Amino acid sequence: MRIAPGSLAAAAILLLLAVAPVATGNPFYQHIAALVVLAAISASAWNVIGGYAGQVSFGHAVYFGTGAYASLLTFDKLGLPPIAGAPLGVLASFVLSVVIGLPSFRLRGHYFSMATIAVAALAQVLVTNWGFVGGAIGLMGPASPRSIADLLFRSALPYYAIFLGVLAVLLACTWLMQRGRTGFYLRALGSGEQAAASLGVPVRRYKLYALLLSGAFTSLAGSLYAVFVGFIDPDSGFGILISVNMVVMSALGGAGTLFGPLVGAIILVPLEEITNAWFGGSGTGTAYVAYGIVIMIIARFAPGGLAQLWQLFAWRRRRAA
Amino acid sequence: MLLEAQGIVKTFGQLRAVDQARLALEQYELIGLIGPNGAGKSTFFNCLAGNATPDEGRIRFRDTDITGLPPHDRARLGLARTFQVPIVFEGMTVRETVMVGAFLRHSHRAAAAAKADEMLEFTGLTAQANVKAASLGTPGRKRLEIARALATEPTLLLLDEALAGLTSAEVEVAIDLLRRIHQRGITLIVVEHIMEVIHRLTQRVIVFHQGRVIAEGTPAEVTADPDVIEAYLGRRGHRRHG
């Protein structure tokens, strides 16, 4: 079997990721490392539908928020550990995928993207005005651990380990998918629906498969976020920036590649945390200025993201050899 | 009867693009579908392939009514098509592109890859197997269209202007390829507007004009048909009708 140099390098990055935060012993870095992996989960989940299947969703916050609210509602209403809400969030994400997917998959390109923005914006408004789920104020997690199941730890390292495990499962699923029929079908329908259909690809069914997988893991990322941060409000659950983050990270690293979103998260999350630390409260959002610049650079020089640059580099080296 | 279309009507607003068109095809035939630009042959072709649904009429393929069946189900039944303007799967290599077709009958990656390699060999694309499909020129893209359609292992292959835009040397290669496809036992419908190609390739031709079938027969017969000459060259001396 042929192993691409890109996947070897990426595996090395993954290994480094697993070890580095433990090695530093610095809580600030460990916290950032946990956030990086969490962001990588949602960006990699987005990548299944937005990258491989080419259906650029700008509304994935709807899944993230659903997962986040599912955990804290489970705690708030039932008194169960927040993580117990994660499966409920995943179930809800399946329902959402069918409800969103069936009508919106008739739309192509920008129209699909616009429809997903509308759905997420609608969800945010609904949640903001719905007292039962905390309205504009949001929901809190448990203040102090009642048992280990509450997953409240002083250090970021246990979270980091959990997130890394989930990311590994997601990337393994994506890898298996990418190698098999589903991956080929998604990539084909992403670049030419009619041509794919003429080759026997049931286009809408496969888009739905992709959305189900993508939505489930995005929802799981939301649940983990709520457990980690212990607080959720309409903006941090359903805000447009949550969706944009997933898109930008995937695009920067390389949408439709296995490790692209992870690479994007490794670059962008520290950037955001560092600008926040530099500028303090007054500088919140400075990262988004950087995001804007990053988007422009990607669009102008490497629409395929860093993965494209890497391929170009590997190709040149092969030619030189 | 492998394929039978009857009374096919397709309108776009006021325009009857296809008007009571019909077609009957036996297995192992190789027929041509010709007509001047705008004759409705592409629309009729799309009705057969499932990319357009006729307003009236019925289509039967292998004893199944496929009139409202979506393209992917037709592919499963053994009806494949190519596109006039090749559609490239961006980012995929030539082999991966053909594997998409092969996955229809082979669920395992290795089997799909083997089928794809066989089709690449058959269409003469083996040397380009690992290059990006988007880097191929027009002749390569046309062959790739055919290779991936063949990878679905069709009974009937519909070719929409597979030879358009090729130089005369490339046309020779393509004609040879179409003959070899036919020799494999695949039934072919070839849409063309180049008469010469049709002459050399087919035993039977159906001529379209203004959405209707105006003639049918051997290439020699239809080219001698006054209606066909009129359709292609315009009216000559028939003023009393006009």
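Quick rundown of the values:
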{"read-out": "Unique match (being assigned to a helix (DSSP H, G or I), over 30 Å from A:Arg318 (Cα atoms) and of a type in the set (Val, Ile, Thr)) among A:Val36, A:Val56", "value": "A:Val36"}
{"read-out": "Residue match in the range A:114-133 (condition: within 19 Å of A:Met246 (Cβ to Cβ) and not hydrophobic (A, V, I, L, M, F, W, C))", "value": "yes"}
{"read-out": "Residue that is assigned to a helix (DSSP H, G or I) and farther than 20 Å from A:Leu126 by Cα, where the choices are A:Ala45, A:Ala68", "value": "A:Ala45"}
{"read-out": "Residues satisfying the stated conditions in the range B:27-70, i.e. surrounded by 15 or more Cβ atoms within 10 Å (Cβ to Cβ) and among the small types (Gly, Ala, Ser)", "value": "B:Gly32, B:Gly35, B:Ala39, B:Gly40, B:Ser42, B:Ala49, B:Gly50, B:Ala52, B:Gly57"}
{"read-out": "Those helices (runs of 4 or more DSSP H) lying entirely in the range B:67-126 with at least 3 residues within 30 Å of A:Leu309 (Cα to Cα)", "value": "B:94-102, B:109-123"}
{"read-out": "Number of the exception - B:Gly140 against (1) of a type outside the set (S, T, N, Q); (2) closer than 22 Å to A:Gly192 by Cα; (3) assigned to a helix (DSSP H, G or I); (4) within 14 Å of another protein chain (Cβ to nearest Cβ)", "value": "(4)"}
{"read-out": "Any hit, the range B:70-80, residues being at pLDDT 95 or above and away from chain A (no Cβ under 11 Å)", "value": "no"}
{"read-out": "Enumeration of residues in the range B:44-62 that are in contact (Cβ under 8 Å) with a residue 60 or more places away in the chain and more than 14 Å from chain A (Cβ to nearest Cβ)", "value": "B:Phe44, B:Phe61, B:Arg62"}
{"read-out": "The range B:84-118 - residue that is touching an Asp or Glu at 6+ places or on another chain (Cβ under 6 Å) and of a type outside the set (Lys, Arg) and, of those, farthest from the other protein chains (Cβ to nearest Cβ)", "value": "B:Gln84"}
{"read-out": "Residue pairs meeting the criteria (Cβ under 9 Å; at least 6 apart or on separate chains; first closer than 17 Å to B:Ala75 by Cβ, in the range A:201-212; second outside any helix (DSSP H, G or I) and among the hydrophobic types (A, V, I, L, M, F, W, C))", "value": "A:Val201/B:Phe103; A:Val201/B:Leu104; A:Val203/A:Phe105; A:Arg204/A:Phe105; A:Tyr206/A:Ala53"}
{"read-out": "Members of the range B:120-137 that are aliphatic (A, V, I, L, M) and within 12 Å of chain A (Cβ to nearest Cβ)", "value": "B:Val131, B:Ala133, B:Ala134"}
{"read-out": "Criterion (more than 11 Å from A:Gly222 (Cβ to Cβ), crowded, with 22+ Cβ neighbours inside 10 Å and not hydrophobic (A, V, I, L, M, F, W, C)) met by exactly one of A:Gly79, A:Gly85, A:Gly67, A:Gly54", "value": "A:Gly54"}
{"read-out": "Condition met for B:Gly32 (touching a residue at least 40 places away in the same chain (Cβ under 8 Å), facing chain A (nearest Cβ under 8 Å) and not aliphatic (A, V, I, L, M))", "value": "no"}
{"read-out": "Residue in the range A:198-217 that is crowded, with 17+ Cβ neighbours inside 10 Å, away from chain B (no Cβ under 14 Å) and farther than 30 Å from B:Arg105 by Cα present", "value": "yes"}
{"read-out": "Test: residue in the range A:181-192 that is surrounded by 21 or more Cβ atoms within 10 Å (Cβ to Cβ) and away from chain B (no Cβ under 12 Å)", "value": "no"}
{"read-out": "Residues of the range A:226-247 satisfying the condition of being β-branched (Val, Ile, Thr) and surrounded by fewer than 23 Cβ atoms within 10 Å (Cβ to Cβ)", "value": "A:Val229, A:Ile240, A:Val244"}
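Here's the yes/no breakdown for (1) part of a helix (DSSP H, G or I); (2) more than 23 Å from the chain's Cα centre (by Cα):
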| site | (1), (2) |
| --- | --- |
| A:Ala120 | yes, no |
| A:Leu126 | yes, no |
| A:Arg146 | no, yes |
| A:Leu171 | yes, no |
| A:Gln178 | yes, no |
| A:Thr182 | yes, no |
| A:Gln194 | yes, yes |
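Residue-by-condition table, conditions (1) outside any helix (DSSP H, G or I); (2) of a type outside the set (Ser, Thr, Tyr); (3) modelled with pLDDT of 75 or more; (4) touching a Ser or Thr at 6+ places or on another chain (Cβ under 9 Å):
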residue: A:Asn276; (1), (2), (3), (4): no, yes, yes, yes
residue: A:Gly281; (1), (2), (3), (4): no, yes, no, no
residue: A:Val294; (1), (2), (3), (4): no, yes, yes, no
residue: A:Arg300; (1), (2), (3), (4): no, yes, yes, no
residue: A:Leu312; (1), (2), (3), (4): no, yes, no, no
residue: A:Trp315; (1), (2), (3), (4): no, yes, no, no
residue: A:Arg319; (1), (2), (3), (4): no, yes, no, no
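The values are calculated or read from the model by the stated rules, or taken from the named source; none is laboratory data. As the structure is a computational prediction, the values presented were derived from the model and not from experiment. Please note: Cβ atoms are built from the backbone with ideal geometry, for glycine as well, and neighbour counts cover all protein chains shown.
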